[in-house]
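Enquirer: Handing you this structure, nothing more for now.
The values are calculated or read from the model by the stated rules, or taken from the named source; none is laboratory data. Note that the coordinates shown come from a computational prediction; the quantities given were computed from them, not determined experimentally. Note that we place each Cβ from the backbone using ideal geometry, even for glycine, and neighbour counts take in every protein chain shown. Note: areas computed on protein heavy atoms with side chains; ligands, DNA, RNA excluded. Shrake-Rupley method; radii C 1.70, N 1.55, O 1.52, S 1.80 Å.
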Amino acid sequence: MGLGPRIDIRVSQQLVMTQQLQQAIKLLALSNLEIEAVIADELAKNPLLEVLPGEAGGASSDTIVREDREFGDEAADPTGADELIGNKLGTEDSPVDMDWQEAALEVDSFADVGANSGALDAFDFDRLEGGASGLAEHLLAQLAGVGGTIGRLASTIVNELEETGYLDTPLKLIAEECEASVKEAEDALALVQSLDPPGIAARTLEECIALQAKAVDRFDPAMARLIANLDLLAKGRMADLRRICGVDEEDLADMVRELRAYDPKPGCRFASREPEAITPDVFVRQSKEGWIVELNTAALPRLLVNRRYHAELKRGPQGKASKAWLGECLASANWLVKALDQRARTIVKVATEIVKQQRGFFERGVSALRPLTLARIAEAIEMHESTVSRVTSNKYIACDQGMFELKYFFGSGVASEGGEGAAAEAVKAAIKDIIDDEAEVLSDDAIAAMLNEKGMDIARRTVVKYREAMGIGSSIQRRRQRKMIAG
């Protein structure tokens, strides 16, 4: 059989994701800040999109979660104001101590009431505070007037400092950069180390602590030996320290207390990083009917398609290319509005099911948190598990217990007598409560036994794993720490 080209017909099936479907999936996983960037980009490119002034975004989806079922928005009362007044039902005096915010929540969303109530008290006066100078600016201001080679070296050292205030760059490299000797670099370093705050420009933790002790005139031989043996202090070997420092137990306790007052990272107080503000995507509050889950409509702008402007452009003279461009703009605008609306409804749907599954958490706190998987939520709301995973990424829920990421409510757990089990976070909270309330230091076996008495089927190794995950030391470390504090 000879080789040669030929034409074959084959029939096959394959899943093809359109570009719009890929974008819709991407929108589902984005946070509010990222969505705002996408909307701003689309507003710049698409003239048919506009933001509704004075209002905020998306579908105002409210859901009431009750113990047996869930309800959507209830029908509004058809009785008008004129009819109420005519029947003398609108003239009753309201109680003087009425909570107007609670009354407003019966008809308005939490976002609207929270944004408008107490406007005079809501002004953020912290914004008026001038920007604090950074570490480099603070040190360079103290070096004003210092010139020559020493001044140039000191400025270079300041600019080489880490955010913590430590100097990691070798003096030899700094001296070569400034075309100076190592002796001059050491003199410049001593000058920088004499500046405020004490302990700055140190190269090790021991040097940092020693500089602070010298600043308060407490760097005597005993303190010097204590600082040189910080590893023994960390291990709690107090007897060895008393022998090395040549002091009694009372003097060593005073020295340790002084040591604890020093700042191991003196440069961090000048860090200019501002905490990142987190805006909740969903509000959860309790009402007479049950738990109400509502979208934070103030988080995103409300997009509209300007049909009037589209009609004007369509009536004007236009060629084939401009007509195609206008059609693409209209299709893109309609798709984005629908995609954002679908995103909002999906978030509310997933959050509502989370509230139903974790009702005990919202009523009693983290101790009532249950094990929960993405697959369980996906099965309940008839969506794919990957969709639930995207919805719960970078999304936050605000409730009476605080602000939590939606991912917080998912996780494994341990078996319990009730059959439902206890979530890992609930077990961690129980371990932390036991350790915080312990009169005498308890071993991991004792903690495991106490948890088993509470109905949690947990082994000692699990207690160790959760304890270490929370950064809590072992019984030996906690016992040493108590001796050092009591010292």
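Enquirer: Does residue 96 fit the bill of being modelled with pLDDT of 75 or more and among the aliphatic types (A, V, I, L, M)?
Expert: No; evaluated as a whole, the condition is false for this residue.
Enquirer: OK, next. Does residue 398 satisfy the criteria of being assigned to a helix (DSSP H, G or I) and either out of contact with any Leu (no Cβ under 7 Å at 6 or more places or on another chain) or farther than 20 Å from residue 290 by Cβ (or both)?
Expert: No.
Enquirer: Return the residue satisfying two criteria in turn: it lies in segment 180-217 and is touching a Phe, Trp or Tyr at 6+ places or on another chain (Cβ under 8 Å) and part of a helix (DSSP H, G or I), and of such residues it is nearest to residue 152 (Cα to Cα).
Expert: If we take residues in segment 180-217 being touching a Phe, Trp or Tyr at 6+ places or on another chain (Cβ under 8 Å) and part of a helix (DSSP H, G or I), then 208 is nearest to residue 152 (Cα to Cα).
Enquirer: Going through segment 426-456 one residue at a time, which ones are touching a strand residue (DSSP E or B) at 6+ places or on another chain (Cβ under 6 Å) and assigned to a loop (DSSP other than H, G, I, E, B)?
Expert: 455
Enquirer: Additional query: Between residues in segment 296-321 that are under 10 Å from residue 48 (Cα atoms) and residues that are surrounded by fewer than 18 Cβ atoms within 10 Å (Cβ to Cβ) and of a type in the set (D, E, K, R), which pairs lie under 6 Å by C-beta distance while being six or more apart or on different chains?
Expert: Every condition considered, the pairs that remain are 304/50; 306/50.
Enquirer: So residue 414 ticks every box in (1) within 25 Å of the chain's Cα centre (by Cα); (2) open to solvent by less than 30 Å² (accessible area, probe 1.4 Å) but one. Which box is left unticked?
Expert: (1)
Enquirer: Okay, next question. Checking residue 215 against (1) in contact with a Gly (Cβ under 8 Å, 6 or more places away or on another chain); (2) open to solvent by less than 20 Å² (accessible area, probe 1.4 Å), which single condition isn't satisfied?
Expert: (2)
Enquirer: Just for helices (runs of 4 or more DSSP H) wholly inside segment 332-393: which have at least 3 residues that are of a type outside the set (A, V, I, L, M, F, W, C) and more than 21 Å from the chain's Cα centre (by Cα)?
Expert: 359-364, 385-391
Enquirer: Let me ask another. What about residue 387, is it open to solvent by less than 20 Å² (accessible area, probe 1.4 Å) and of a type in the set (Ser, Thr, Tyr)?
Expert: So residue 387 does not fit the description; no.
Enquirer: Mind checking which pairs have a first residue in segment 243-268 that is on the phi > 0 side of the Ramachandran plot and a second that is in a helix (DSSP H, G or I) and open to solvent by 70 Å² or more (accessible area, probe 1.4 Å), Cβ under 9 Å, 6 or more apart or different chains?
Expert: Every condition considered, the pairs that remain are 246/221; 246/225.
Enquirer: Also, I was wondering about something else. When residue 277 is evaluated against the numbered criteria (1) of a type in the set (Gly, Ala, Ser); (2) open to solvent by 40 Å² or more (accessible area, probe 1.4 Å); (3) more than 30 Å from residue 409 (Cβ to Cβ), which criterion, by number, is the only one it fails?
Expert: All conditions are met except number (3).
Enquirer: Just to check your reading of the model, which residue among 305, 337 is modelled with pLDDT under 90, open to solvent by less than 40 Å² (accessible area, probe 1.4 Å) and more than 27 Å from residue 403 (Cβ to Cβ)?
Expert: Step by step, each of 305, 337 is checked, and only 305 is modelled with pLDDT under 90, open to solvent by less than 40 Å² (accessible area, probe 1.4 Å) and more than 27 Å from residue 403 (Cβ to Cβ).
Enquirer: Okay, next question. Let me confirm something: among 14, 23, which residue is among the polar types (S, T, N, Q), closer than 19 Å to residue 343 by Cβ and at pLDDT below 85?
Expert: 23
Enquirer: Follow-up. For a quick check of your reading of the model, give me the residue pairs whose first member lies in segment 351-369 and is in contact (Cβ under 8 Å) with a residue 40 or more places away in the chain, whose second is outside any helix (DSSP H, G or I) and among the aromatic types (Phe, Trp, Tyr), with beta-carbon atoms closer than 8 Å and at least 6 apart or on different chains.
Expert: 355/291; 359/291; 362/291
Enquirer: Tell me, please, whether a residue that is modelled with pLDDT of 85 or more, open to solvent by 30 Å² or more (accessible area, probe 1.4 Å), among the aliphatic types (A, V, I, L, M) and assigned to a loop (DSSP other than H, G, I, E, B) can be found in segment 463-473.
Expert: yes
Enquirer: Can you tell me which residue within segment 159-170, out of those that are open to solvent by 60 Å² or more (accessible area, probe 1.4 Å) and within 36 Å of the chain's Cα centre (by Cα), is nearest to residue 268 (Cα to Cα)?
Expert: That would be 163.
Enquirer: Which pairs do you get when a residue that is in contact (Cβ under 8 Å) with a residue 12 or more places away in the chain, found in segment 171-195, comes within reach of a residue that is open to solvent by 60 Å² or more (accessible area, probe 1.4 Å) and polar (S, T, N, Q), reach meaning Cβ atoms under 6 angstrom, with the pair 6+ apart or on two chains?
Expert: Every condition considered, the pairs that remain are 195/142.
Enquirer: Then there is this: May I ask you to list pairs of residues, at least six apart or on different chains, whose Cβ atoms are under 6 Å apart, with the first in segment 422-440 being more than 14 Å from residue 462 (Cα to Cα) and the second being in a helix (DSSP H, G or I)?
Expert: Hits for this filter: 434/447; 434/450.
Enquirer: Pairs under 9 Å by beta carbon, first residue free of Cβ contacts under 8 Å to residues at least 12 places away in the same chain in segment 19-35, partner part of a helix (DSSP H, G or I) and open to solvent by 70 Å² or more (accessible area, probe 1.4 Å), six or more apart or different chains?
Expert: 26/390
Enquirer: Looking only at residues that are in a helix (DSSP H, G or I) and among the small types (Gly, Ala, Ser) in segment 474-487, which one is farthest from residue 423 (Cα to Cα)?
Expert: Top of the filtered list is 486.
Enquirer: Every residue in segment 143-158 that is within 16 Å of residue 187 (Cα to Cα) and open to solvent by 20 Å² or more (accessible area, probe 1.4 Å), please.
Expert: Matches in segment 143-158: 146, 147, 148, 149, 150, 152, 155, 156.
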